Structure formats: C-alpha cells, structure tokens
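To keep things clear, I will list the structure first and then write my remarks on it.
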Amino acid sequence: MDKLTDKYLRKRKIPSTACSGCGLGQAHKAMVVAIDELGFDFYDIIWGTSIGCAGRQTFATWKGDNFAGTHGRVYAIARGLRLAIPVEKKLVLTVGDGDAFGIGFNHLLHAARSNAQMTVLVCDNLGYQSTGGQYGWTTPAGVKTDSSPYGMFEPNWVQTEMDILNVLKAAGATFLARHVSMDGRPLVESCKKALQNNGFSLVHCVFPCITNFGKNALGSRNTVNMFNWIKNRAAPLGEEKEDTLWRTGIYHDAINTRPEFSQLMRDKVSEIQRRYQDEGSH
Amino acid sequence: MLAGCNAFAGYPITPATEIAEAMSVNLPRIGGYYMQAEDECAAMHLAIGASLGGMKAMTATSGPGFILYADPYGWAIGCEIPLVVLNSQRVGPVSGITGAPGQGEFYNVRYPTQGGNYETIVLAPNSAQEAMLMTVEAFYLSERFRTPVTILADQLITDGFEDISVPETDEEKKAMGMRFMERKAHPGPEFYPPTDEIDIPPVVLGVGTKALCSDWTPTEEGYDIETVEAQHKHSYRMIYKIRNHKDIISRHETLFLDDEPDIIVVAYGSASRTVKTAVKKAREKGQKIGMIRPISVWPFPDELFQYKAKYLSVELDYDGQMVREVQRAAPGDSEIHFFGKCGELPTVAELHETFDKLLSGEQLSRIGWEREAW
Amino acid sequence: MKDRIEILASGFGGQGVVRLGQIVGTAAVNQGFRVTMLKSHGTEQRGGYVRTQVVLSKEEIDSPLVEDPDFFCSFSSAAYKQFGHMMKDGVVLYDPAMVEIDESKPFRQIAVPAKDMAIEKLGRPIYANIIMLGALSAAACEILDKENMLATMLSIIPKFKDENRNAFEIGYGMVTS
C-alpha cells in the first residue's frame, strides 16, 4: 500500500492505531484502491467518519478534508455539507455497524430517501467492539458477547428474510452491496460502482475483530481462525450454502437513476429564484 | 436573511414553526436552502453540515426540540462551528403547554450539551424588532467567536405580531446598530489554537485546506487525542475566548438606576415588557423602582448588579432560574426576591401589588400551588 | 384618544379569532399605529381555547398585555367567563348563539349574532368572524378607519372577496354608535 499511502493518506496515522490483526484495514484499503483506480485526487474527496472502531481508526487518515460526527449523526452532517460543497466533490463515509444500523439508522434512511451523494462503507465488526464487545444488530445468532452471555438470541438484520439492505433499497438507496473484508477484488469493484453513483451508495463489509469478537465468539484471539470463520460463512449471491451468513455481491444497482439531493435542491432553488426575479422585474 | 443566512434546517414544533415556514418561502427566492429534517437532532446536524461547507446556517426550535440539539450543539462548540440557534420557549417540562410562553430554558441554553468546559453566548430579545436585530447580531458573534449562538426567544415573540422597521440601506442597517461579518475559511494547518483569540476563521470543508474536525479532543491541527494536556488546552479556548471578550457580547437595558432605587426589578425577554410598563407607572406614583433587563443573558451580566437594593427577579417559570444568578451577582447584603408565573405574562396589576408589598417590608411568602416560596 | 387601546378576542380554535386579531393589528399598522398582538392557544389542534390580545398606541408599546380591554370580542361562554371580569368601561361584542351574558354588568354589551347571520345571509358559518370584525370596526370607528379595515381584511383573505365584504358590512351595520 506504500504508493497509495503516499498519495492519499496521512503519515501521522500510519501505521494505524487499530488492534493487531484487525480486519478494518482491508476494507479501508479497498476503498482507497477504488478511489485510486477511478483517478480521484485527495482533494476530490471529503472523508467522514463515525464513532466506534470503524470511525475512530479511519478518522484523519485521509490526506484531504476529514470530519467525524457524533454517534450516528454523520449522515445528517453529510447531507447538510452536500448542499454547501461543490457538486464535483465526493463524500465518502467509513462507519460502523452500530452507527449505521443502530443509533444513526433514522438519519441513514433519510440520506437514502433524499439520495444525497455519499458513499457509505459500513465496516461491520458484528457488534459494539470498541466498548469491549456487546452484541449489535448484525451479531450472528448464538454468538456470545459481553451483553449476550447466553448467546445472541435476538433477531438480527442480516437474516435472509429481514435483510437490512432490503430496507435500504425500499428507502431509496441507489447502490447497495455486501462483502466480507477478505473479498479483495469484488469488494474494490463494488466500491468503485458506489463511488460512480451520484447518489446514495452503501457497501456493507464484514471484517474480523480479533480482540473482542474473536475472544468472545470463538474463545481465542487467533487471527487466522477468526479470518477463516468469517470467510467460511460468506458466499457470493447465488452460491449460498446452508451455513452462509453473508451473501456477497451487488444487491441493488440503480446508479444515476434518481436525482441527487443537492442537485435537486440546486435546480429547484434556481428555478424558484428565476421565477421571483422575473416577477420582481415586471 | 439580512445577516446573509442562506441555509436553514428545521423540524416543525410549536411555537417555532412559523420561522421554518417563513424560511421555506423566502430562502429559495434569494438562492438559499430550506431543509426539513427527520428530527431536531438531524436539523441541527444539517445546519452544521451547511456551515462546515461555508454557508451561514440557522435552525430554530422550542424546548422539546432543543434537548435533541444537545448532541450537535456540543459538536458545534467543540469544532467551533459558526451557527445560529433559536429557542422559542414554551411552557414545560416536556410538552407542557405548546402555545404559551415560558422561560424554563434559562439554564438549558447555558448548558445545552454535556461535559462542561465551555461557555455559551445567548441573546434574549423582548420584541419582534429586537428579535430581528439580535438574529443579525447572533450571526455576527457566531463568526467572530466561531461558536453557535443561541437566540432565547419565547412563544410571545415568535408567535406574536408586531410592527417592525426593516432597514433597507447600509446606512439604515448601521444606524440600527447591525454588525456583519463575512465567512472566511481557516487556511490550516493549526485550526485549533490553544488561545483565547477571536476573529479566527472557522474550519471550512471542500476548499482544499486539509481540514480536520471531529467530536474528539483535538490537537492544534485537529487530530484526535486523549491527553489531559490537549483537553485542557481545548477547554481553555472554549471557555476563555468567550469570557475574555465578554465586552463584545454584553448588551442590556436599564431604567431608573441612578437614584439608589429601593427595588430593582430584573427581567428578560417578553416578561420584561410588562415589567417595564409596571416600573414606569410605579415611578409616576413616586415609588423608587428601577429595572435591569439583560439582553445578552449568557455570559450573565454580573457587572450590572452593583447597587445594594431589594432585587426582584420576574420570570416565566415557577422554580426560579435567573433569580439564582441575580443572587450570585448582587452585593452580598441585598435582598433577593422572586416572582414567577408561567404560560402568561405577569400583569401590571400583579407587579404593582408585589412592589407595594416589598416596599412596605412584607415578604412574598407563598402557600399552596398558587403561591409558593422560592 | 387614550394613549393605548386594548382589544381582546377569545373563543375556540377554528373560529377565526387569531385571524381577526391579525386583521385588526395589520389595519392599525397601516393607519400608522404601533401595534402588538399576542396569540395564545392550548394545542396544535382546532377546537382548543384561543385568545388574541391587540394593543395599539401612537408610542412604542411596552406591555403587550390586555388588562383593561376597550373592546372584547367574545366567541364563547368560556371566554366570557374567563375574561369578562377584566372589563371596566370597554365594550363587549358577543355572539348570542355562543355566549350567555351577565346583564347586570355595568359596561356596554352588544349582541352580534354573527354565526346565525353568516348561515342565513351567506350560507356558511365561516364568515362569522368577519361579521364580528365588521361589528368591532363599527364600535371602534373613532379609532380605526372603516375603509382601511375593509381593505386590509381583503388583502389578508384573498379568497371569497364578495362574501367577506358582505360579511363585514353586515357586521358593521349591527352596531350603532
């Protein structure tokens, strides 16, 4: 990642402050590779982050502008910011599963509704790991965490019949994909598609947390075991097996089919402005 | 709009809805944006986003919405975002009475978010005309101090109708005392100096300054850090950029303080309107009564309380809020009294009865729900 | 003329009480008065209690409260009971379909059958508040100019101009000075 690091990332934040073995870097890197392959420069992109591992570890890594919202609110900040910044700038958000699907879910849905341009990379470590490892909205059934000591028995949002990506699709998102962080090329391709959408894109990417999830769910902090545990439970869409937890690939591709929020606002406002200027000149 | 506001984010709530509606009509005509949010928390975040992108942004709400501003308000203080927030007080707690005035937000606007280690700027107009002037002033101060400024209004101000005089030329604006400040962008890289300096441009995203802003304790460049020293530096700035430049913020109205009045009535916002009539009429009767009306209520204008007198704080709440500040600021041997009413202004008749009691040395003792002691 | 004129209107939500105050206040501004108008209402919904208080003066107005009404438009018995005690030497205008008055009171009380006349002459009860406005305009004719009031009303309510003009005149004709 050396060349990419020089081009896009801040030296101060390399190496990352993440725990050893953390898979967040794979997801983060995939997005940076996608940005590079699309030919963006660092000042073309404003990088927003949330709270939790995904947000804290990626904040201030981007060489250009960075902002970090309070828990769950970065989508609302991004929507206001979208109106004020030049249309050609892209917003990329790296956020956690608790931030996007829990505390910030209402704001996320409204960002999808409005189709505001933002590429949201939900880096999912399967629960609340930065607070020590409590269950979240994507924690697999049966998994023990500090707050599900008898095993996760609540329904979660990656079950086939109640997939959160379906909710986001119904809410108006124009690009949706799901991956695991070790997906490599397919993950990069999904990030590229997401970035090419002048609208709301979300890539859901599961990554391994060794320190807390690994310890609680698998009973050890063995990095290889944790990586394999996730990898073995992921399969491309259409190739699912019985024990598949994460079906990977593009779930919904309607890129550039709906007006983008800030473009719509700009068009409407200039139309209203013209109308009243015309009336005023009569 | 006179101050250059070009972004407004709101969520419908009585009695601040009229402001949102008016902005939805008028902002697009000058090229500005009205955004309706999914809740108040989002409304203030949308306004923050617009300000972060270089726009002059505002949001308005009432008490039940203002508590949802707690989250973004803290963020805006910490990242030093210029922003104007209006809180039109109704009667609380919780939903209370929607269409009637209260003043129960006095401390809520001083401590709008958690964590402490900050000062806030709050302006409290008492009329439609002054609400216009103070909104312009709030935009001005928010730019100079890089912080959200709250306009503390109430239901009578945002829901009422009054004749106002709107300036049209620059001379007229100046004659009315309006001050203006353009938005500039901080060039970086040291966005958060550990000093009490004002007039430093804020962080603006999208202009190539490699800006950093976050909810975490910042280094001077804006990197996240958790050290006691960095947090102390940041807190020093949050507190003392405001405390050390209080003279730029302070404004007030006083009446009849020059002849050692027996009673000094203290009131702000719409409660001060009937107080002023009552004080003027009491003077006509020969009673030595004066009045202090803080317009900038935070930082609280301690310096106005120099005289030993019987102070009477008249407020639209029953629990006695501003009276605590009066008690703290007044000379130690002053008598401190409280008159509280909520949902309606105190009448001139009620105030005169209270003045008479205090002048004759009676206590304003209260019994039962209608009259309780403070 | 007194140095301030106080006008109170009160009834239920949906009766046009706030609109009446808004028209009176705007008309007074057009006539060069300083004006304050307060409205208070119990809920966001129609049917709740509503009050509007208008103060007019040639000078800047400090207290916007009506404590000694010169004119009180009462649209409900509850309003009459709640605010009637404030009356000293003003005039009460009340709708007898809605309000039962205390005839022993010393101040002037004028019956304005606004609701019945609105249904009878204009076919719809919604014009009752404009009939009341006409009556108020007549009662206050020494202070507020009739033509200005009518023009202001028509500018604030741009729909059903003929019906509203008729309603205003019907109300105006109900009060003789």
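The values are calculated or read from the model by the stated rules, or taken from the named source; none is laboratory data. Keep in mind that what you see is a predicted model, and the values were worked out from it rather than measured. Cβ atoms come from the backbone with ideal geometry, glycine included; neighbour counts cover every protein chain shown.
Somewhere in region B:192-215, is a residue assigned to a strand (DSSP E or B), in the same structural domain as residue B:65 (by TED's automatic domain parsing) and either touching a Lys or Arg at 6+ places or on another chain (Cβ under 9 Å) or at pLDDT 95 or above (or both)? Yes, there is a match, as at least one residue in region B:192-215 is assigned to a strand (DSSP E or B), in the same structural domain as residue B:65 (by TED's automatic domain parsing) and either touching a Lys or Arg at 6+ places or on another chain (Cβ under 9 Å) or at pLDDT 95 or above (or both). Scanning region B:247-267 for residues that are within 14 Å of another protein chain (Cβ to nearest Cβ) and either assigned to a loop (DSSP other than H, G, I, E, B) or surrounded by fewer than 21 Cβ atoms within 10 Å (Cβ to Cβ) (or both) yields B:253, B:255, B:256, B:267. Consider region C:52-91. How many of its residues are crowded, with 18+ Cβ neighbours inside 10 Å, touching a residue at least 40 places away in the same chain (Cβ under 8 Å) and assigned to a helix (DSSP H, G or I)? Qualifying residue count for the region: 2.
Does residue B:48 meet the test of being in a loop (DSSP other than H, G, I, E, B) and within 21 Å of residue B:141 (Cβ to Cβ)? Judged against the criteria, residue B:48 is not a match.
Listed here are the residues, each with its yes/no results for (1) out of contact with any helix residue (DSSP H, G or I) (no Cβ under 8 Å at 6 or more places or on another chain); (2) of a type in the set (A, V, I, L, M); (3) modelled with pLDDT of 90 or more.
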{"position": "C:66", "(1), (2), (3)": "no, yes, yes"}
{"position": "C:73", "(1), (2), (3)": "no, no, yes"}
{"position": "C:76", "(1), (2), (3)": "yes, no, yes"}
{"position": "C:80", "(1), (2), (3)": "yes, no, yes"}
{"position": "C:90", "(1), (2), (3)": "yes, no, yes"}
{"position": "C:95", "(1), (2), (3)": "no, no, yes"}
{"position": "C:103", "(1), (2), (3)": "yes, no, yes"}
{"position": "C:117", "(1), (2), (3)": "no, yes, yes"}
{"position": "C:122", "(1), (2), (3)": "no, yes, yes"}
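Against the conditions (1) in a helix (DSSP H, G or I); (2) touching a residue at least 60 places away in the same chain (Cβ under 8 Å), residue A:107 satisfies every one except (2). Taking the numbered list (1) within 14 Å of another protein chain (Cβ to nearest Cβ); (2) touching a strand residue (DSSP E or B) at 6+ places or on another chain (Cβ under 7 Å); (3) not charged (D, E, K, R) in turn, residue B:165 passes all entries but (2). Scanning region B:24-42 for residues that are closer than 16 Å to residue A:77 by Cβ and either at the interface with chain A (Cβ under 8 Å from one of its Cβ atoms) or surrounded by fewer than 24 Cβ atoms within 10 Å (Cβ to Cβ) (or both) yields B:33, B:35, B:37, B:38, B:39, B:41, B:42.
Check off (1) in contact with a strand residue (DSSP E or B) (Cβ under 7 Å, 6 or more places away or on another chain); (2) at positive phi for residue B:361 and give me the number that stays unchecked. In the conditions (1) in contact with a strand residue (DSSP E or B) (Cβ under 7 Å, 6 or more places away or on another chain); (2) at positive phi, residue B:361 misses (1) alone. Close Cβ contacts (under 6 Å, 6 or more residues apart or on different chains) running from residues in region C:124-152 that are over 18 Å from residue C:110 (Cβ atoms) to residues that are crowded, with 24+ Cβ neighbours inside 10 Å and aliphatic (A, V, I, L, M) comprise C:125/C:118; C:127/C:118; C:127/C:167; C:148/C:27; C:152/C:23; C:152/C:27. Among the residues of region A:242-253, is any away from every other protein chain (no Cβ under 14 Å), farther than 25 Å from residue A:100 by Cα and either more than 15 Å from the chain's Cα centre (by Cα) or in contact (Cβ under 8 Å) with a residue 40 or more places away in the chain (or both)? Yes; the residues of region A:242-253 include at least one that is away from every other protein chain (no Cβ under 14 Å), farther than 25 Å from residue A:100 by Cα and either more than 15 Å from the chain's Cα centre (by Cα) or in contact (Cβ under 8 Å) with a residue 40 or more places away in the chain (or both). Report yes if some residue within region A:68-77 is more than 9 Å from every other protein chain (Cβ to nearest Cβ) and part of a strand (DSSP E or B); otherwise report no. No, region A:68-77 contains no residue that is more than 9 Å from every other protein chain (Cβ to nearest Cβ) and part of a strand (DSSP E or B).
Quick check on region C:134-149: of everything there that is surrounded by fewer than 21 Cβ atoms within 10 Å (Cβ to Cβ) and closer than 14 Å to residue C:166 by Cα, which residue is farthest from the chain's Cα centre (by Cα)? So, considering only residues that are surrounded by fewer than 21 Cβ atoms within 10 Å (Cβ to Cβ) and closer than 14 Å to residue C:166 by Cα, the one farthest from the chain's Cα centre (by Cα) is C:147. Restricting attention to region B:51-66, the residues that are more than 27 Å from residue A:86 (Cα to Cα) and either part of a strand (DSSP E or B) or under 15 Å from the mean Cα position of the chain (by Cα) (or both) total 4.
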